[in-house]
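Peer 1: Please see the structure below; I have some questions.
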Amino acid sequence: PPSLHHLKSLLTLIESYGITPWITFDASVIRGLAYYTGTVFEAFDRKGELRAIAGGGRYDKLLETFGGEATPAAGFGFGDAVIVELLKERGLLPNFDAAGIDVVVFAMREELYGAAVDVA
């Protein structure tokens, strides 16, 4: 079956990249979104103490669903709350209290660059 061939190819790539010690195959992982069309994954801290830091997978029909061209794709997302907890636990969360920074300004569109610089 194509899915078995894909899985074997993925495991071969994992071995080729030398990251086998970091990978655990778990056939019970299910991502909750219906647009996934292939392999899905979740990433955890090495100690396994936190919930998933990131998750994602293959979604070949997602762009097409929203009117785009049929484009094979893969992606992932991660939650800031889990990353913050991990960094706190490891003593790696930066502390900006002494930096005198109260606000960070991001221009989300090019036409706002000038206004963002003025406010900052």
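Peer 1: Check cross-link reach from residue 88 to the lysines: straight Cα distance under 16 Å, and skip same-chain residues fewer than eight apart.
Peer 2: Answer for residue 88, where 16 Å is the Cα cut-off: 47, listed by chain and number.
Peer 1: Name the residues whose placed amide hydrogens come within less than 5 Å of the amide hydrogen of residue 54, ignoring near sequence neighbours (fewer than 5 apart) on the same chain.
Peer 2: 43
Peer 1: On C-alpha positions alone, give me the angle between the axis of helix 80-89 and the longest principal axis of the chain, in degrees, nearest 10.
Peer 2: Orientation of helix 80-89: about 80 degrees from the principal axis.
Peer 1: Amide H neighbours of residue 73 under 5 Å, at least 5 residues apart or on other chains, H built in the peptide plane: list them.
Peer 2: 59, 60
Peer 1: Turning to a different aspect of this structure: Report, to the nearest 10°, how far helix 2-16 tilts away from the longest principal axis of the Cα atoms in the chain, using its own Cα long axis and a range of 0 to 90°.
Peer 2: Approximately 60 degrees, to the nearest 10.
Peer 1: Could you run the Debye sum over the Cα atoms of the stretch 24-93, one equal point scatterer each and no solvent, and tell me log10 of I(q)/I(0) at q = 0.17, 0.24 Å⁻¹, two decimals?
Peer 2: -0.71, -1.03
Peer 1: Further, regarding this structure: Mind jotting down a quarter of the surface of the convex hull over the alpha carbons of the stretch 3-58, in square nanometres, one decimal?
Peer 2: 4.3
Peer 1: To the nearest 20 debye, what charge dipole does the chain have about its Cα centre, counting +1 at the Cβ of each Lys and Arg and -1 at the Cβ of each Asp and Glu? Don't skip to the end; give the middle numbers.
Peer 2: Values: 10 positive and 16 negative charges, 114 e Å.
Here the chain has a charge dipole of around 540 debye.
Peer 1: Let me ask something else about it. Can you match Cα extents along the principal axes in Å to one of these, [x] 58, 42, 27; [y] 79, 39, 32; [z] 44, 44, 23, based on a calculation from the structure here?
Peer 2: Label of the calculated value: [x].
Peer 1: Please give every one of the aspartates and glutamates within straight-line cross-link reach of residue 8, meaning a C-alpha to C-alpha distance under 16 Å, and leave out same-chain neighbours fewer than 8 residues apart.
Peer 2: 26
Where a number appears in this text, it was derived from the coordinates with a stated rule and is not lab data. These numbers were taken from a predicted model, which means no experiment stands behind them. So basically every Cβ, Gly included, is an ideal-geometry build from the backbone, and we count neighbours across all protein chains shown.
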